[in-house]
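Scroll down for the structure; my scribbles are underneath it.
What follows is calculated from the coordinates using simple rules that are stated; it is not laboratory data. No experiment lies behind these values; they were computed from the predicted model shown. Note that each Cβ is placed from the backbone with ideal geometry, even for glycine, and that neighbours are counted across all protein chains shown.
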Amino acid sequence: MAQDEEVVEDEIVVTATGRSAAIQDVPIAVTAVSGETLQNSGVENLLDITQLAPSLAIGVGQSSATGTIAYIRGIGTGADNPGFESAVGFFIDGVYRARAGIAVSDLPELERIEILRGPQGTLYGRNTSAGAISVITAGPEFDPGLWLEAGVGDYGYGSMKGGGNLPLGDTFAVRVDGSLRTRDGYLHDITSNRDINNQNRWSARGQALWDITPDASLRVIVDTSETDEECCAVTPIQYGTTQNAINLIVGGAANGEVPGRVGNLNTQLESRNQTVTPGRVYVEQVEDDGISGELNWDIGGVNLTSITAYRDWNALRGQDVDFNRIDIAYREGLTIGFENITQELRLQGEAGNIDWLVG
């Protein structure tokens, strides 16, 4: 008799199947995290979402821009090669992002995040063999309002986010969001006496929502972001057998030993020191710009959705790849760019007991 009582409290609605449905009615493995939960958990980017989704793992290799790797259920594309498309697809407001590096970018205010586990090629394209991450941001509202958030932390961390809604009539509203984040580096280069692995990034976003008719709406989003950081350095745990010779060549101690080292082990890991070849630097500059438009139109019981987008992503990298004072290997002035134009068109409706979707 208890099963006859249907009580739905705080129901989560997802669009994982291309249509709005309660999460318990969606026949796929999906984890949905609400915007309130994301805010209370201090999520700034998709790297932080891993603490809320056990089946998702995102890590950063030699570069946060081109070396970010995402795994769902332990499956992903593990390579520091920007030519490889991730087996986990990233979508923000229905727009496909070409590389997993988008996971480290700061996010605006969110409505929810959906993590779809398993192959999603039917609805999300061939680049989702391990799964997909769909990010739905908060859109313009017809109630005016402003919001501001600031944070401080160790290593000189500081962040600020803000935005506002402005209705321009009963059918048109705009929204702006912006963020700024800085932090000192936590690894120290004893050669140049500077800190590495810092954060210095900003983003801006503008949206417009037009309720054309009671059955049709258009949402346009324009965004831009920049990153100018020194990443990604490491602290050696164990030195190789040639380290003594390297120390002598570059002017190390007379016996070839390094302070804080016993044998081949580094005993001062907590100091987070490293050595960079003089004249070499760590550079990671990223620019990400785009515009998208989403049209939703109810045509006689048939829902038409069209998402058109243009994305332009560019990165400049430089790195002392040998992680040592001797100039063995380095990456300097490496430029990477992706320019994408995407178009999605789908129709969805119901006919008796059939709920259909084509696109």
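Once Lys and Arg get +1 and Asp and Glu get -1 on their Cβ, which of I221, G151, G131 lies farthest toward the positive end of the dipole of the chain? Sorting the options by dipole projection puts first G131.
Subtracting the Cα-Cα distance of W297 and R73 from 0.36 nm times their residue separation leaves 77.0 nm of extension gain.
Ranking request for peptides 150-160, 25-35: highest mean number of other beta-carbon atoms within 10 Å first, then the rest in descending order.
The packing order, highest mean first, is 25-35, 150-160.
Which log10 I(q)/I(0) values does the chain give at q = 0.09, 0.12, 0.13 Å⁻¹ under the Debye formula, counting every alpha carbon as one identical point scatterer? Cα-only, vacuum Debye calculation for the chain: -0.60, -0.97, -1.10.
Scoring 128-134, 185-191, 319-325, 298-304 by mean Cβ neighbours within 10 Å over their residues and listing the highest first yields 128-134, 319-325, 185-191, 298-304. Take each peptide in 162-170, 332-340, count the other Cβ atoms within 10 Å of every residue, and average; sorted highest first, the result is 162-170, 332-340.
Based on Cα contacts under 8 Å between residues 6+ apart, the stretch 70-113 shows a relative contact order of 26 percent. Using only side-chain charges placed at the Cβ, +1 for Lys and Arg and -1 for Asp and Glu, the dipole size of the stretch 182-240 relative to its Cα centre rounds to 60 debye. Net charge dipole, the chain: roughly 1500 debye, given to the nearest 20, about the Cα centre with Cβ charges of +1 for Lys and Arg and -1 for Asp and Glu. About the centre of its Cα atoms, the stretch 48-119 shows a dipole size close to 280 debye [charges on the beta carbon of Lys, Arg (+1) and Asp, Glu (-1) only; nearest 20 debye]. Note: relative contact order over the chain, using C-alpha pairs below 8 Å and six or more positions apart, is 10 percent. Computed from the Cβ-Cβ distance with R0 of 25 Å, the FRET efficiency linking F172 to E111 stands at 0.80. Between the listed residues T66, N198, V281, the Cα displaced farthest toward the positive end of the dipole of the chain, a dipole computed from Cβ unit charges relative to the Cα centre, is found at V281. Applying 1/(1 + (r/R0)^6) with R0 = 51 Å to the Cβ-Cβ distance of R126 and V321 gives a FRET efficiency near 0.95.
Taking each residue as 0.36 nm, the span from A150 to T15 lengthens on full extension beyond its C-alpha to C-alpha distance by 45.5 nm.
Bridges between two residues of the chain, per DSSP, are antiparallel at a rate of about 95%.
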